[in-house]
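A quick write-up on the structure given underneath.
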Amino acid sequence: EAHAKGYETTVNVMAVAKAREEELDEVLQTLAKTDVDVIYLADTFGSYYPEEIARLSQKYLEIAQQSGKQVGIHAHNNIQLAYANTIEAYRNGVDFLDCTISGLGRGAGNCPMELLLGYLKNPKYKQLPVLEFIQNHIVELEKELDWGYSIPYMITGQLIEHPRSAIKARSEDDTKHVEFYNRLVEKD
């Protein structure tokens, strides 16, 4: 309906790290037949390494390009690879690169815009206004909000788990990281 009204439409394929390859292929083939403009590879758990992003980017691009669609990446930073994974997707031909100022995002955050701008070195993108915005608005906000690197998010990323348990641990100021890790491992 949104596409029919003239809006550019996108869809995030989430929790791919937990999906079987056949399931992912089926979902991508189904999306290729829809009106959606951009199919997003979402590193929902922030658990992917660049080599896996390269493989998945190629898979998404192959299917999307056959149907005239584009591909995007939305990377979470649980194991501190959102930036590297975004660059890897870009190097493989992905067109839409999600990023946020200072990496602002749930939990461990997302790909930091200022890093991506420095990498792209495109003269139409100005890094100085972004740095000014961070200086004037984000520095204080970082003190109030809970995002950025943390051990619970790192653990959920490495174990390919949804970060809901990390969210809970952080909200309860739970710093018993060994117990947290063991609870998640024993759950499986």
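The values are calculated or read from the model by the stated rules, or taken from the named source; none is laboratory data. Small disclaimer: the values here were computed from a predicted structure and weren't measured. Note: ideal-geometry Cβ built from the backbone for every residue, glycine included; neighbour counts use all protein chains shown. Surface accessibility is based on the protein's heavy atoms, side chains included, excluding ligands, DNA and RNA. Shrake-Rupley method; radii C 1.70, N 1.55, O 1.52, S 1.80 Å.
Within the range 21-45, count every residue that is modelled with pLDDT of 95 or more and within 20 Å of Cys99 (Cβ to Cβ). Here the count works out to 7.
Screening the range 152-188 for residues that are of a type in the set (Val, Ile, Thr) and surrounded by fewer than 19 Cβ atoms within 10 Å (Cβ to Cβ) and picking the one that is nearest to Asp43 (Cα to Cα) gives Ile160. Starting from the range 14-29, keep only residues that are closer than 18 Å to Glu51 by Cα and in contact (Cβ under 8 Å) with a residue 60 or more places away in the chain, then list their pairs with residues that are aliphatic (A, V, I, L, M) and open to solvent by 40 Å² or more (accessible area, probe 1.4 Å) whose Cβ atoms are within a distance under 7 Å, requiring at least 6 positions of separation or different chains. Partner pairs satisfying both residue conditions: Ala17/Ile160; Lys18/Ile160. Just one of the listed residues (Tyr40, Tyr48) is in a loop (DSSP other than H, G, I, E, B) and either crowded, with 17+ Cβ neighbours inside 10 Å or in contact with a strand residue (DSSP E or B) (Cβ under 7 Å, 6 or more places away or on another chain) (or both), and it is Tyr48.
If you go through the range 56-71 and pick out every residue that is open to solvent by 40 Å² or more (accessible area, probe 1.4 Å) and part of a strand (DSSP E or B), you end up with 1. Residues considered: Tyr90, Tyr119. Of these, the only one that is open to solvent by 50 Å² or more (accessible area, probe 1.4 Å), in a helix (DSSP H, G or I) and under 16 Å from Tyr48 (Cβ atoms) is Tyr90. Of the residues examined, His74 is not one that is touching a residue at least 12 places away in the same chain (Cβ under 8 Å), closer than 18 Å to Val13 by Cβ and surrounded by fewer than 18 Cβ atoms within 10 Å (Cβ to Cβ).
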